[in-house]
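Here's the structure we're looking at; comments come further down.
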Amino acid sequence: MSRFNFRGHFFQLFFALLAGLGLGLVYSWFLSPVTYVDATPAILRSDFKDQYRVVIAASYASTQNLDRARVRLQLLGDVDPVGELSAQAQRMLAAGESFEKARPLAQLATDLNQGFASLPSPTPFTILTPQDVSAISATETQTEETVIIEETVTPFPTILFEQTPITPVVIETATPRATFTPIPGPGAPFALVGRDTVCAPGTQAGLLQFMLMDSRRKQVAGIEIIVTWSRGEDRFFTGFKPELGNGYADFIMEKDTVYSVRIAAGGAFVSDIVAPACTDPNGVSYPGGLLLTFQQP
Amino acid sequence: MAAAAVIGIALGLIYGWVIDPIEYTDVPPNILREDYRADYVLMVAEAYHEELDSEVAARRLAVLGSESPAVITASTIEYANRNAFPQDEVQVLQNLLTAMQTYQPQGNTGP
């Protein structure tokens, strides 16, 4: 009898403990959970992370401080920060946002990939007075109109993704100077210099790849490419996959569809592009890819 | 029995608050730690220095909470001064503050 009572008492205690534990957990997890007040950027919601990246890229466009931008991106805890930047830039373009908005992201991705800043160091910061700010605010509306006009006149994105080497000033002696040879600027038209069939089983079928280079064979980012076919048109830019090259871009061709390619900045027009037929080792035919290489003269 | 229940509750609270607390993964920026918050405002200020677009700067600051962009920037300047930020960084923050103090959201520009 007493043994039975002991056991019953033990179970009552056990269930009281269990019920208390349950109540404690409900209270600490649901009714009054730990409140976060010192969050890190790594646990931000994904849309805020996107915003954070935009601000990092915009800040970098101003300061050209690549190391700092890299550290700031690491705060977001992305496995592949460069890939995330490129992906976000592409998402922005796909959502219909202008290239001007996506460009800082693409440029930061490109610079992180190449390891140095593309643009020269910025001018030193100046002090703005309230009068300056009022003047700026007054002209902001006009600036938007100016941008539109500039874009109509010069649709070619003028940004250069190259680093200008700083060479020491050398005092010339009496050595005769070489004749000046004009070097084509960033606006020189691109010409098709290579058209290679890519037959590689396992790769994306019908992959149309582009590689754009300047006259020194350095890849150029930010060049708009227009692909047209009977049922539509697609526009995209080089440099949004920096892991494949700053001057790289690609497009997926459908089977039995004829495409035309034009470089938006008055470059070569290439017509009659179709996915080539390739054959694998077993004799099975599959749509291959094409690599078009353009270069400035 | 009441003692057992109290012990159970205490254990539950310790487990839920200390050992395995709720982990947040999708938080808004308004609960960022002060140093991250200050760095975010500094980035906005650096971008403003290049873009000179008050509207964009104010929109970027707005994600940090319901305070006005000028108040957010001012508190960041206080943080920057307390933590010995370089003078050029304080300067860009100061420029942003000046811009935010004179900024009028679109639609509120009338008298």
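Answer yes if at least one residue in segment A:25-48 is buried (at least 18 other Cβ atoms within 10 Å of the Cβ), of a type outside the set (A, V, I, L, M) and more than 7 Å from chain B (Cβ to nearest Cβ), and no otherwise. No, the conditions are met nowhere in segment A:25-48. Report whether or not A:D67 is more than 11 Å from chain B (Cβ to nearest Cβ), modelled with pLDDT of 90 or more, assigned to a helix (DSSP H, G or I) and surrounded by fewer than 19 Cβ atoms within 10 Å (Cβ to Cβ). So A:D67 passes the test.
Scanning segment A:241-265 for residues that are outside any strand (DSSP E or B) and out of contact with any Gly (no Cβ under 8 Å at 6 or more places or on another chain) yields A:K241, A:P242, A:L244, A:G245, A:D256, A:T257, A:V258, A:A264. Against the condition at negative phi, at the interface with chain A (Cβ under 8 Å from one of its Cβ atoms) and either open to solvent by 10 Å² or more (accessible area, probe 1.4 Å) or without any contact (Cβ under 8 Å) to a residue 12 or more places away in the chain (or both), how does B:E78 come out, does it pass? When the stated conditions are applied, B:E78 does not pass them. When segment B:51-63 is limited to residues that are of a type in the set (A, V, I, L, M) and under 18 Å from A:P41 (Cβ atoms), the one that is most open to solvent (accessible area, probe 1.4 Å) turns out to be B:A62.
The residue pairs whose first member lies in segment B:12-33 and is closer than 16 Å to A:K49 by Cβ, whose second member is among the aliphatic types (A, V, I, L, M) and assigned to a helix (DSSP H, G or I), and whose beta carbons are closer than 8 Å, counting only pairs six or more residues apart or on different chains, are B:Y24/A:I43; B:T25/A:I43; B:D26/A:I43; B:V27/A:I43.
Yes or no, residue by residue, for (1) more than 14 Å from the chain's Cα centre (by Cα); (2) surrounded by fewer than 23 Cβ atoms within 10 Å (Cβ to Cβ); (3) over 20 Å from A:S28 (Cβ atoms); (4) of a type in the set (D, E):
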residue: B:G8; (1), (2), (3), (4): yes, no, no, no
residue: B:D20; (1), (2), (3), (4): yes, yes, no, yes
residue: B:T25; (1), (2), (3), (4): yes, yes, no, no
residue: B:P29; (1), (2), (3), (4): no, yes, yes, no
residue: B:L32; (1), (2), (3), (4): no, no, yes, no
residue: B:Y36; (1), (2), (3), (4): no, yes, yes, no
residue: B:G65; (1), (2), (3), (4): no, yes, yes, no
residue: B:S68; (1), (2), (3), (4): no, yes, yes, no
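Of the residues screened, A:A265 is one that is within 26 Å of the chain's Cα centre (by Cα), outside the structural domain of A:P104 (by TED's automatic domain parsing) and of a type in the set (G, A, S). Scanning segment A:49-63 for residues that are at the interface with chain B (Cβ under 7 Å from one of its Cβ atoms) and surrounded by fewer than 19 Cβ atoms within 10 Å (Cβ to Cβ) returns a single hit, A:Q51.
Yes/no per residue for (1) at pLDDT below 85; (2) out of contact with any Asp or Glu (no Cβ under 8 Å at 6 or more places or on another chain); (3) open to solvent by 10 Å² or more (accessible area, probe 1.4 Å):
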residue	(1), (2), (3)
A:S215	yes, yes, yes
A:Q219	yes, yes, yes
A:I225	no, yes, no
A:F237	yes, no, yes
A:A265	yes, no, yes
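Those residues that are surrounded by fewer than 18 Cβ atoms within 10 Å (Cβ to Cβ), within 14 Å of another protein chain (Cβ to nearest Cβ) and part of a helix (DSSP H, G or I), I need them from segment A:75-118; list them, please. Hits for segment A:75-118 are A:E100, A:K101.
Per the conditions (1) in contact with a Pro (Cβ under 8 Å, 6 or more places away or on another chain); (2) modelled with pLDDT of 90 or more, the sole criterion not satisfied by B:P21 is (2).
Residues of segment B:1-28 that are farther than 14 Å from A:A39 by Cα and acidic (D, E): B:D20 alone.
Restricting segment B:81-105 to residues that are more than 10 Å from chain A (Cβ to nearest Cβ) and surrounded by fewer than 15 Cβ atoms within 10 Å (Cβ to Cβ) leaves a set whose member that is modelled with the lowest pLDDT is B:P105.
The values are calculated or read from the model by the stated rules, or taken from the named source; none is laboratory data. On a predicted model such as this, the values are computed, not experimentally measured, just so you know. Cβ sites come from the backbone with ideal geometry, for glycine too, and all protein chains shown count toward neighbours. Just so you know, the surface numbers come from the protein's heavy atoms only, side chains and all, with ligands and any DNA or RNA stripped out. Shrake-Rupley method; radii C 1.70, N 1.55, O 1.52, S 1.80 Å.
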